[in-house]
1. Residues that are among the aliphatic types (A, V, I, L, M) and over 25 Å from F3 (Cβ atoms): does region 51-62 have at least one?
2. Could you please find all residues in region 159-173 being more than 10 Å from ligand 2 (Cβ to nearest atom), outside any strand (DSSP E or B) and more than 9 Å from the chain's Cα centre (by Cα)?
3. Which members of region 205-234 meet the condition of being within 11 Å of ligand 2 (Cβ to nearest atom) and of a type in the set (D, E, K, R)?
4. Tell me, which residue of region 42-87 that is within 16 Å of ligand 1 (Cβ to nearest atom) and of a type in the set (S, T, N, Q) is nearest to V263 (Cα to Cα)?
5. What are the pairs with Cβ atoms under 6 angstrom where one residue, in region 43-65, is in a loop (DSSP other than H, G, I, E, B) and open to solvent by less than 30 Å² (accessible area, probe 1.4 Å) and the other, located anywhere, is among the acidic types (D, E) and at pLDDT below 95? Sequence gap at least six, or different chains.
6. Is there any pair linking a residue in region 92-121 that is on the phi > 0 side of the Ramachandran plot to one that is crowded, with 17+ Cβ neighbours inside 10 Å, with Cβ under 9 Å and at least six apart or on different chains, and which?
7. Only one of these conditions is not met by G185: (1) outside any strand (DSSP E or B); (2) over 18 Å from the mean Cα position of the chain (by Cα); (3) within 16 Å of ligand 1 (Cβ to nearest atom). Which number is it?
8. Within region 91-136, how many residues are basic (K, R), in a helix (DSSP H, G or I) and surrounded by fewer than 22 Cβ atoms within 10 Å (Cβ to Cβ)?
Amino acid sequence: MIFPDTLLKEVRSITRRFFELPFEEKTKIKMTAMTGFRGYQRIGENVTEGTPDMHEAIDCYREVTKGMYGALGKTMEGCNQWPLNPPNFKFLMEEYSSLCTELARKIMRGIALALGGSPDEFEGDRAGDPFWVMRLIGYPGVSTANGTDIPANDTGCGAHTDYGLLTLLNQDDDINALQVRNLSGEWISAPPVPGSFICNIGNMLKIYSNGLYESTLHRVINSSPKYRVSVVYFYETNFDTAVEPLDICRRRTGGSKKFERVVYGEHLVSKVLTNFA
Ligand SMILES: O=C(O)CCC(=O)C(=O)O
Ligand SMILES: [Fe+2]
């Protein structure tokens, strides 16, 4: 597999071009419940822990056809909504998401080995048919976010953990806005490293590993005057799989299960429904 460096830049630049379009154009692919919450959301529409987030986004999910997962999948049924403008958008993003899927699967094989399992630990019923989510996000610079020149440090994305297994986060090279909370409870910067991804651990990997991997709390505060773009790909388990600590991880962490089993699709749906309540 080749993951060209240029593709990382290209997906961010085409995303930026989309967000530069007039609102009327962007809202042609407005996110609604009818499309399984896929599409464009304006600034402030996404809510984290009750506070509107200062970002706009296009949300994409792996396609879910009617009846595919019965009642469990109903909320997420639908196809992605791609803009016709800029041209080539759909093609580029589909190529990007499939390369991310391949890359994340390989990283998960390494993580499985690191946990003391077989490389196939996350294949089959667990994540052999992985669900994925992709969010193309734009964060206004400070002076445009609040209509004044006073940097108000508006929260671009409130503190949260990611839902699935592994996140591949591709952020603008020149803006320091992503922060993660370390074990001492301090917020530290996760600066961009050009040509690379930031990988977050998600809630499902925390459960599988019985806490050996932590799903790190993170947030975004864009205090720069520049508009910031990030393209975030989330690699998940199978939609309908029930996730619980792996025996190999339980044995390495004192023997008992630290987490209850969670059906990934239920976890996702509960998050999606509260994000846009
Ligand atoms: O924009 C970013 O860098 C992070 C976004 C994020 O954490 C998310 O969408 O889950
Ligand atoms: Fe996140």
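1. yes
2. If the condition is that a residue be more than 10 Å from ligand 2 (Cβ to nearest atom), outside any strand (DSSP E or B) and more than 9 Å from the chain's Cα centre (by Cα), then L165, D172, D173 are the ones that fit.
3. R219
4. T48
5. If the second residue must be among the acidic types (D, E) and at pLDDT below 95, the pairs left are N46/D53.
6. Correct list of pairs: G116/I248; G116/C249.
7. Status for G185: all satisfied but (3).
8. Final tally of qualifying residues: 3.
The values are calculated or read from the model by the stated rules, or taken from the named source; none is laboratory data. Computed from a prediction, not measured in an experiment: that's the story for all the values here. We place every Cβ from the backbone using ideal geometry, glycine too, and count neighbours over all the protein chains shown. Areas reflect the complete protein model, heavy atoms only, side chains present, ligands, DNA and RNA absent. Shrake-Rupley method; radii C 1.70, N 1.55, O 1.52, S 1.80 Å.
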